[in-house]
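The values are calculated or read from the model by the stated rules, or taken from the named source; none is laboratory data. Bear in mind that the values here come from a model prediction, so they are computed numbers and not experimental data. Every residue, glycine among them, receives a Cβ derived from its backbone with ideal geometry; neighbour counts consider all protein chains shown.
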Amino acid sequence: MKVFISGQVGDKAVIRRAYAALRAAGHTITHDWTIDDPIAVTLENRTEAGRRAAKDLTGVVGCDVYILFSDNEKPGKGMYAELGAALALNETSGTPKLYIVGKLNHLSVFYLHPAIYHRGTIEEVITEITVAS
């Protein structure tokens, strides 16, 4: 399966571990935004910021499975745009399959959309999507 993960920029280490576990289970990452330079540097360069936004959305559009980590301490920004894109795709095409992983910090009504599956850990998601693929 092709997978994209959204999360708070401060949680890159958690998301990197999830990407490693997904790869180990044979899945492909559509775009690994965690390897980019800090976003604060990027926002000073509008061209680079735009390039990154486009790559993130391309990653969402190209995935079979979209995952958002919701147990972040600080609210995110881009992760909610990515969730909106994934929800819109799911509504119009039936894909990607949508997961929210972790506690529902910073709860949004969109976290409760009926197309979204809630799981406590990334391992639960990996088990489900590995069996399905």
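A few comments on the model shown:
- Of note, V60 satisfies the criterion of being among the β-branched types (V, I, T), touching an Asp or Glu at 6+ places or on another chain (Cβ under 9 Å) and farther than 20 Å from T130 by Cβ.
- Per-region count, region 1-56, residues surrounded by fewer than 18 Cβ atoms within 10 Å (Cβ to Cβ), modelled with pLDDT under 90 and among the β-branched types (V, I, T): 5
- Pairs are defined by a Cβ separation below 7 Å, a sequence spacing of at least 6 or placement on different chains, a first member in region 30-46 that is of a type in the set (A, V, I, L, M), and a second member that is part of a helix (DSSP H, G or I) and at pLDDT 75 or above; the pairs so defined are I39/V9; L43/A49.
- Scanning region 70-111 for residues that are of a type in the set (A, V, I, L, M), within 13 Å of I5 (Cα to Cα) and touching a Phe, Trp or Tyr at 6+ places or on another chain (Cβ under 9 Å) turns up M79, L83, A85, A86, L98, I100, V101.
Residues checked against (1) out of contact with any helix residue (DSSP H, G or I) (no Cβ under 9 Å at 6 or more places or on another chain); (2) assigned to a strand (DSSP E or B); (3) surrounded by fewer than 19 Cβ atoms within 10 Å (Cβ to Cβ):
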position: T58; (1), (2), (3): yes, no, yes
position: L68; (1), (2), (3): no, yes, no
position: N72; (1), (2), (3): no, no, no
position: G76; (1), (2), (3): no, no, no
position: A81; (1), (2), (3): no, no, yes
position: G84; (1), (2), (3): no, no, yes
position: L89; (1), (2), (3): no, no, yes
position: T92; (1), (2), (3): yes, no, yes
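- Qualifying residue in region 32-51 (condition: within 18 Å of K2 (Cβ to Cβ) and not in a helix (DSSP H, G or I)): yes
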